[in-house]
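Everything on this sheet refers to the single structure shown next.
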Ligand code: NAP
């Protein structure tokens, strides 16, 4: 028998993930700080709660997907937070990307009220959230992972229980080191191709299926060529993730040569007012160094 399920945070990711829970037939309650963003889900059959505490009072399992560590703390531990409504034995699953230490502290705070916790950050972009094909990296107790599994399989394709609470976030940071390094390589490669005068569409077609192929190349490469900077994932949130990477890497003494530089490039783009653009706009930093713009016409679109 399924438990009534709650979802807090209906942004680019959360709205797709919540929609997939609804499609899978779960009895869904939603809450979003900006209530109007819940309208589509409510029209599709979800119930709108008046606060995270109100939502938690009626749900056995509660998912959160908001921006940064303080935002997760606000919706879970705040004045009208989940902790104020959750019943003992309820399960809270945070799917945002936050600091591993922040996740461990949430686990401790909730456990003091008899509420259980998993950290379960995701990868796969807005496309993966909409299609239900996310990779989900889960930290916490195995029995709780089992309990959450029917919900995870409605939202994702690759669900990996990686360790204790906080380890899901650590593995997500591993993912982000790989993603931004790949995006820098895509950026340098496309600027080189443009400067060399080869056809960019043919170049992408030629290299995407070989050893250089990647999700970032296949999904974000064509967007760069089309100069489509709409965000699946914003520069501001990617910069947040790299801050979390650099903090965690400092604690364990791991060198972050490329990741540290990419953090600085994203900082420059934020200073240029581009924080709301998709994180593939990293290529603009390389274009500015090169004095070259990718795109068939080389036109200036922003
Ligand atoms: P987004 O579109 O900016 O949405 C952020 C969501 O968090 C919105 O629902 C926002 O509410 C809510 N929120 C932020 N601060 C809040 C606060 N203090 N109190 C209550 N609600 C708050 O971001 P997103 O792309 O969906 O990302 C959400 C999380 O998933 C982030 O941790 C991100 O790093 C992670 N993630 C994103 C992607 C991706 O490709 N987009 C991929 C993997 C992981 P409002 O609607 O009121 O602003």
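The values are calculated or read from the model by the stated rules, or taken from the named source; none is laboratory data. Every value quoted in this text rests on a predicted model; they were computed, and no experiment measured them. Using ideal geometry, Cβ is built from the backbone for each residue, glycine included, and neighbour counts are taken over all protein chains shown.
Laid out as a table, the results:
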quantity: Search result, residues across the range 24-45 that are within 23 Å of residue 132 (Cβ to Cβ) and within 14 Å of the ligand (Cβ to nearest atom); calculated: 30, 31, 32, 37, 38, 39, 40, 41
quantity: Residue within the range 36-47 that is closer than 21 Å to residue 78 by Cβ and touching a residue at least 60 places away in the same chain (Cβ under 8 Å) present; calculated: no
quantity: Leading residue by the ranking (nearest to the chain's Cα centre (by Cα)) among those in the range 21-39 that are crowded, with 20+ Cβ neighbours inside 10 Å and closer than 19 Å to residue 146 by Cα; calculated: 21
quantity: Count - residues of the range 159-174 that are closer than 21 Å to residue 238 by Cβ and surrounded by fewer than 16 Cβ atoms within 10 Å (Cβ to Cβ); calculated: 1
quantity: Odd one out for residue 50 among (1) part of a loop (DSSP other than H, G, I, E, B); (2) within 14 Å of the ligand (Cβ to nearest atom); (3) farther than 26 Å from residue 109 by Cβ; calculated: (3)
quantity: Test for residue 89: is it crowded, with 18+ Cβ neighbours inside 10 Å and either more than 10 Å from the ligand (Cβ to nearest atom) or modelled with pLDDT of 95 or more (or both); calculated: no
quantity: Residue identified as surrounded by 15 or more Cβ atoms within 10 Å (Cβ to Cβ) and at pLDDT below 95 among 221, 278, 295, 302; calculated: 295
quantity: Whichever residue in the range 118-156 is on the phi > 0 side of the Ramachandran plot and not in a helix (DSSP H, G or I) and, among such residues, is farthest from the ligand (Cβ to nearest atom); calculated: 140
quantity: Tabulated pairs, the range 7-32, first more than 17 Å from residue 43 (Cβ to Cβ) and in contact (Cβ under 8 Å) with a residue 40 or more places away in the chain, second assigned to a loop (DSSP other than H, G, I, E, B) and near the ligand (Cβ under 10 Å from one of its atoms), C-beta under 6 angstrom, 6+ apart or interchain; calculated: 9/65; 9/66; 13/65
quantity: For residue 243: the one exception among (1) in a helix (DSSP H, G or I); (2) away from the ligand (no atom under 15 Å from the Cβ); calculated: (2)
quantity: Residue identified as in contact (Cβ under 8 Å) with a residue 40 or more places away in the chain and either within 15 Å of the ligand (Cβ to nearest atom) or crowded, with 19+ Cβ neighbours inside 10 Å (or both) among 248, 226, 195; calculated: 248
quantity: Some residue of the range 102-117 being near the ligand (Cβ under 9 Å from one of its atoms), crowded, with 21+ Cβ neighbours inside 10 Å and at pLDDT 95 or above; calculated: no
quantity: Subset tally (residues that are closer than 22 Å to residue 16 by Cβ and within 9 Å of the ligand (Cβ to nearest atom)) for the range 65-86; calculated: 7
